[in-house]
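K.L.:
Handing you this structure, nothing more for now.
The values are calculated or read from the model by the stated rules, or taken from the named source; none is laboratory data. These numbers were taken from a predicted model, which means no experiment stands behind them. Here the Cβ positions follow ideal geometry from the backbone for every residue, glycine too, while neighbour counts run over all protein chains shown. Surface accessibility is based on the protein's heavy atoms, side chains included, excluding ligands, DNA and RNA. Shrake-Rupley method; radii C 1.70, N 1.55, O 1.52, S 1.80 Å.
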Amino acid sequence: MFTHAHYQEAVNAIRSFTSLQPTIGIVLGSGLGGLADMLQDRVSIPYSAIPHFPTSTVHGHSGELVIGKLGGKVVAVQKGRAHFYEGYNLYQVTFPIRVMHFLGIKTVILTNAAGGINSSFKAGDVMMLNDHINMVGFVGLSPLSGPNDDELGPRFVGLVQTYDRHLRQLTHEVAQANNIPLQEGVYCCLGGPTYETPAEARMFRIIGADAVGMSTVHEVIVARHMGIKVLAFSSITNMVIDNLNTDYETNHEEVLEVGRIIVPKLITILKGVVERL
Ligand code: HPA
């Protein structure tokens, strides 16, 4: 577990690179790193230069914190994230969100790559999260387990108002104004790194999931613990396979390739939302 001294060391290292004071944080998932190029006056800080920051070992996650301007606001963009399946614990996976809080960030926008469960979705869609199902949490793994730090947030955290209603409304307005079709739904978080079996895919549909992936939810929980507002998006990079009558396997190359196609749509949405914040 980390202490305030660890968070402060990371904040001090970041502040030594730039005097810009971000108020909005953005986390970019698989294949979405290109989004960081939209920032003006940007400074890139390698995760290796930030004490305790977990570096991603996954292809498609470059490992830089980019601070710069977007839509007139100062934002801090995590280009790549660490995942539970890489062997990091959930305190490490969510360390950058704690650091964002100590940097002064009040709103965080998270993105990920996900498989589509809802049969009305197709690869290339953008889904805004309105709720989640945390399969990792069901087995007792939480980034909030252990002694609670009352200075950061409460012991018990309500998750009904997780994906901010006002931000979601704003996002629909931006998507509509730019003619970008926007799906909305429930994200289901797996531990990974295996993709779902067809039987699991059918189960996820029955329990109310619209998309499935291997990240985001732990970061969302830690953000809500500290009262940070949350908005989150899945890039639907593939539709999950729910039957055995196929030779096809879901694969990371496809996830990255389709992710790159979705980047321009997400840039328009994120820029529009940040401008209106
Ligand atoms: N399942 C889980 N995670 C994913 C998928 C998927 O089908 N696609 C991209 N990330």
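K.L.:
So, counting K/R as plus one and D/E as minus one, what does the shell of residues with Cβ under 12 Å around residue 228 add up to?
P.N.:
+2
K.L.:
Quick one: if the Förster radius is 30 Å, what FRET efficiency do residue 130 and residue 17 give, using the C-beta to C-beta distance and rounding to 0.05?
P.N.:
Efficiency, rounded to the nearest 0.05: 0.25.
K.L.:
Determine, for each peptide in 165-176, 143-154, 47-58, 24-35, the mean count of other beta carbons within 10 angstrom over its residues, then list the peptides with the highest first.
P.N.:
24-35, 47-58, 165-176, 143-154
K.L.:
How would 1, 203 rank on accessible area, largest to smallest, probe 1.4 Å?
P.N.:
On the way: 1 125, 203 80 Å².
Ranked list, largest accessible area first: 1, 203.
K.L.:
Would you list, by chain and number, the aspartates and glutamates whose Cα falls below 16 Å from the Cα of residue 73, excluding same-chain residues fewer than 8 positions away?
P.N.:
37, 41, 275
K.L.:
Another question, if that's okay. Calculate how large, on average over all directions, the projected area of the Cα convex hull of the stretch 210-249 is; give the answer in nm² to one decimal.
P.N.:
Answer in nm², one decimal: 3.7.
K.L.:
Turning to a different aspect of this structure: Magnitude of the Cβ-charge dipole of the stretch 1-133, K/R +1 and D/E -1, about the Cα centre, nearest 20 debye?
P.N.:
My answer is approximately 240 debye.
K.L.:
In the neighborhood of residue 240, defined by Cβ-to-Cβ distances under 10 Å, what is the net charge if each Lys or Arg adds +1 and each Asp or Glu adds -1?
P.N.:
-1
K.L.:
Which net charge results when you count Lys and Arg as +1 and Asp and Glu as -1 among the other residues whose beta-carbon is under 11 Å from that of residue 202?
P.N.:
Result for the local shell: -2.
K.L.:
So how far, in whole Å, is the C-alpha centre of the stretch 201-234 from the one of the stretch 159-174?
P.N.:
14
K.L.:
Please work out the Cα center distance from the stretch 102-152 to the stretch 1-76, rounded to the nearest Å.
P.N.:
First find each Cα centre; the distance between them is then 19 Å.
K.L.:
If you don't mind, there's one more thing I want to ask. At a 1.4 Å probe radius, carbon and sulfur cover how many percent of the accessible area of the stretch 1-106? Intermediate values should be presented prior to the final figure.
P.N.:
Values: 2030 of 4010 Å².
For the stretch 1-106, the apolar C and S fraction of the accessible surface comes to 50 percent.
K.L.:
OK, next. From the alpha carbon gyration tensor of the stretch 1-76, can you work out the equivalent ellipsoid semi-axes (sqrt of 5 times each eigenvalue) and give them in Å, largest to smallest?
P.N.:
Equivalent ellipsoid semi-axes, largest first: 20, 17, 10 Å.
K.L.:
Turning to a different aspect of this structure: Order of 206-213, 219-226, 116-123 by packing, highest average Cβ count within 10 Å first?
P.N.:
219-226, 206-213, 116-123
K.L.:
While we're looking at this one, here's another question. Can you work out the accessible area per residue across the chain, with the rest of the protein chains kept in place, probe 1.4 Å, in square angstrom?
P.N.:
Averaged over the residues of the chain, the accessible area is 42 Å².
K.L.:
Would you kindly compute the Cα radius of gyration of the stretch 137-214 and its largest Cα-Cα separation (Dmax), both in Å?
P.N.:
Values for the stretch 137-214 (Cα only, Rg and Dmax): 16.8, 47 Å.
K.L.:
Moving on to the next point. Work out how much length residue 276 to residue 1 would gain on full extension: take 0.36 nm times their residue separation and subtract the Cα-Cα distance, in nm to one decimal. The partial results should precede the final answer.
P.N.:
On the way: separation 275, 0.36 × 275 = 99.00 nm, distance 3.63 nm.
Taking 0.36 nm per residue and subtracting the Cα distance, the gain is 95.4 nm.
K.L.:
Measuring from label point to label point, each 7 Å out along Cα→Cβ, what is the residue 9 to residue 152 span in nm?
P.N.:
Placing both labels 7 Å beyond Cα along the Cβ direction yields 1.5 nm.
K.L.:
On to the next question. As a test of the formula, what do you get for the chain when each DSSP H run with n ≥ 4 contributes -39,500 (n - 2.57) and the sum is divided by the residue count, at 222 nm and rounded to the nearest 500 deg cm²/dmol?
P.N.:
So the calculated ellipticity at 222 nm is -9000 deg cm²/dmol.
K.L.:
Full extension from residue 57 to residue 165: what is 0.36 nm times the residue separation minus their Cα-Cα distance, to one decimal in nm?
P.N.:
On the way: separation 108, 0.36 × 108 = 38.88 nm, distance 3.39 nm.
Full extension of this stretch gives 35.5 nm more.
K.L.:
Efficiency by 1/(1 + (r/R0)^6): what FRET value for residue 257 and residue 177, r their Cβ-Cβ distance, R0 = 30 Å, to the nearest 0.05?
P.N.:
For R0 = 30 Å, the calculated efficiency reads 0.60.
K.L.:
Provide, in order from the shortest bin, the percent of all Cα-Cα pairs of the stretch 4-276 in each 10 Å bin, continuing until the bin that contains the maximum pair distance.
P.N.:
7, 32, 38, 19, 4, 0
K.L.:
Please list 239-251, 129-141 highest first by mean number of surrounding beta-carbon atoms within 10 Å per residue.
P.N.:
129-141, 239-251
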